[in-house]
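The values are calculated or read from the model by the stated rules, or taken from the named source; none is laboratory data. Source: prediction; values computed, not measured. Here the Cβ positions follow ideal geometry from the backbone for every residue, glycine too, while neighbour counts run over all protein chains shown. Heavy atoms of the whole protein, side chains included, go into the accessibility calculation; ligands, DNA and RNA do not. Shrake-Rupley method; radii C 1.70, N 1.55, O 1.52, S 1.80 Å.
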Amino acid sequence: MWKIKNLEINSHVVLAPMAGITSSAYRKFMRRFGVGLVYTEMISDHGIVYKNEETLSYLKIEEEESPIAIQIFGGDKEYLLKAVKYIDEHHVPHDLIDINLACPVPKVTKSGAGSKMLLNLDYLEECMREIVEVSKTPVSAKIRLGFDNEHINVLEVCRILEKVGVSLIAVHARTAKELYSGEPHFELIKDLGKNLNIPLVISGNIFSVEEAIKAKDITCASAVMVARGGVGNPELISSLNHYFESGEISYSPNIVRQKKYCLEFARLLIEEKGENKAMPILRGLAPKFFFKMPNIKLFRSALAEHLSTYEDLKITLDKYIPDED
């Protein structure tokens, strides 16, 4: 167990925010496997301030999802502050406000938001200090090593964030220019967790127990943040928890269990969004439950191309994966 201020987190595995994926259904589904903290999808400060209907739908949070961080992005301090105040004033359930300083996508950075904030440290410091002052819950930040190889300033950014009162820092161990390619550079933040007085969460290529061990050991982080590695692979979470509790590596996905998990997630997603909206999302996510299974190519294509209803999903799964007796 570890703490973010007075908030107790009972797992060393954190679920990363992922656009188009980490809706309430996905968060509840993954919570069952032992994630200690979940994040909403990245939410626009402007969308909150102007009460955009789709944006506000991202703030529909159920009590069972706690502890949860609401992640906001924006490049204008005034809008970020207004968004934080809106969340507090409307009593949106949450345990943390997280500011995204990591997103590398051009449509985000061109507005000065996401990882672009890492290039103006004076403004970043001013912004984060005021957010900490107005938020009624602890504030966290997700950052990268820097914007590019010429601006690797992760240590300076961490000092600033800690100084202004941020309660948790999550670091994706790549630069923004690297996007999600290549190996993360954990060695550049070796022992960083020991040098901070607040918790560190480490992110980047956590696709296996071994990669998580490496990332956590090098950086001395309090927890690992699982993103793409956990999509369709929920037993990675329980396997990580097993290792952190016992020191034993035990990980053997089973195709029949994966079928069960896929159907469980589908039911939650349909319950959240309705079948018409859920099925296009499932066409993208359902195949990921079977990514490393042998002789599975035609089956995964069928999942990606021919799902219109929950019954379609079930029929396809039953055709390729008979239930065990």
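May I ask you to verify whether Val38 is open to solvent by 10 Å² or more (accessible area, probe 1.4 Å), β-branched (Val, Ile, Thr) and touching a helix residue (DSSP H, G or I) at 6+ places or on another chain (Cβ under 6 Å)?
no
Could you list, in sequence order, all residues of segment 122-136 that are without any contact (Cβ under 8 Å) to a residue 40 or more places away in the chain, open to solvent by 20 Å² or more (accessible area, probe 1.4 Å) and touching a helix residue (DSSP H, G or I) at 6+ places or on another chain (Cβ under 6 Å)?
Filtering segment 122-136 for residues without any contact (Cβ under 8 Å) to a residue 40 or more places away in the chain gives 122, 124-125, 128-129, 132-133.
Adding the requirement that they be open to solvent by 20 Å² or more (accessible area, probe 1.4 Å) leaves 122, 125, 129, 132-133.
Of everything in segment 122-136, just one residue is without any contact (Cβ under 8 Å) to a residue 40 or more places away in the chain, open to solvent by 20 Å² or more (accessible area, probe 1.4 Å) and touching a helix residue (DSSP H, G or I) at 6+ places or on another chain (Cβ under 6 Å), namely Glu125.
Taking segment 274-316 as the search range and keeping residues that are open to solvent by 70 Å² or more (accessible area, probe 1.4 Å) and within 23 Å of the chain's Cα centre (by Cα), which one is nearest to Pro234 (Cα to Cα)?
Lys288
Every residue in segment 49-86 that is among the β-branched types (Val, Ile, Thr), within 25 Å of Ser115 (Cβ to Cβ) and within 17 Å of the chain's Cα centre (by Cα), please.
Ile68, Ile70, Ile72
Would you call Ile97 buried (at least 20 other Cβ atoms within 10 Å of the Cβ), closer than 30 Å to Asn149 by Cα and touching a His at 6+ places or on another chain (Cβ under 6 Å)? Lay out the reasoning, then the answer.
Values: buried (at least 20 other Cβ atoms within 10 Å of the Cβ): yes; closer than 30 Å to Asn149 by Cα: yes; touching a His at 6+ places or on another chain (Cβ under 6 Å): no.
The answer is no for Ile97.
If you scan segment 156-190, which residues turn out to be surrounded by fewer than 21 Cβ atoms within 10 Å (Cβ to Cβ) and modelled with pLDDT of 95 or more?
Answer for segment 156-190, where residues must be surrounded by fewer than 21 Cβ atoms within 10 Å (Cβ to Cβ) and modelled with pLDDT of 95 or more: Glu156, Arg159, Ile160, Glu162, Lys163, Val164, Gly165, His185, Glu187, Leu188, Lys190.
From the list Ile218, Ile213, Ile202, Ile249, which residue is part of a loop (DSSP other than H, G, I, E, B) and either more than 23 Å from Glu8 (Cβ to Cβ) or hydrophobic (A, V, I, L, M, F, W, C) (or both)?
Exactly one residue qualifies, and that residue is Ile249.
Here is a list of conditions, (1) within 19 Å of Ile206 (Cα to Cα); (2) open to solvent by 10 Å² or more (accessible area, probe 1.4 Å); (3) over 14 Å from the mean Cα position of the chain (by Cα); (4) of a type outside the set (Asp, Glu), and Pro17 meets all of them except one; can you say which number that is?
Only one criterion in (1) within 19 Å of Ile206 (Cα to Cα); (2) open to solvent by 10 Å² or more (accessible area, probe 1.4 Å); (3) over 14 Å from the mean Cα position of the chain (by Cα); (4) of a type outside the set (Asp, Glu) is unmet by Pro17, namely (3).
Which residues, taken from segment 4-51, are in contact with a Ser or Thr (Cβ under 9 Å, 6 or more places away or on another chain), over 16 Å from Ala227 (Cβ atoms) and part of a strand (DSSP E or B)?
If the condition is that a residue be in contact with a Ser or Thr (Cβ under 9 Å, 6 or more places away or on another chain), over 16 Å from Ala227 (Cβ atoms) and part of a strand (DSSP E or B), then Ile4, Leu7, Ile9, Ile43, Ser44 are the ones that fit.
Return a yes/no flag: does segment 288-309 have any residue that is of a type in the set (A, V, I, L, M), out of contact with any Asp or Glu (no Cβ under 7 Å at 6 or more places or on another chain) and in contact (Cβ under 8 Å) with a residue 60 or more places away in the chain.
The answer is no; no qualifying residue exists.
With the structure loaded, tell me whether Asn153 is more than 30 Å from Gly232 (Cα to Cα) and surrounded by 15 or more Cβ atoms within 10 Å (Cβ to Cβ) or whether it fails that test.
The answer is yes for Asn153.
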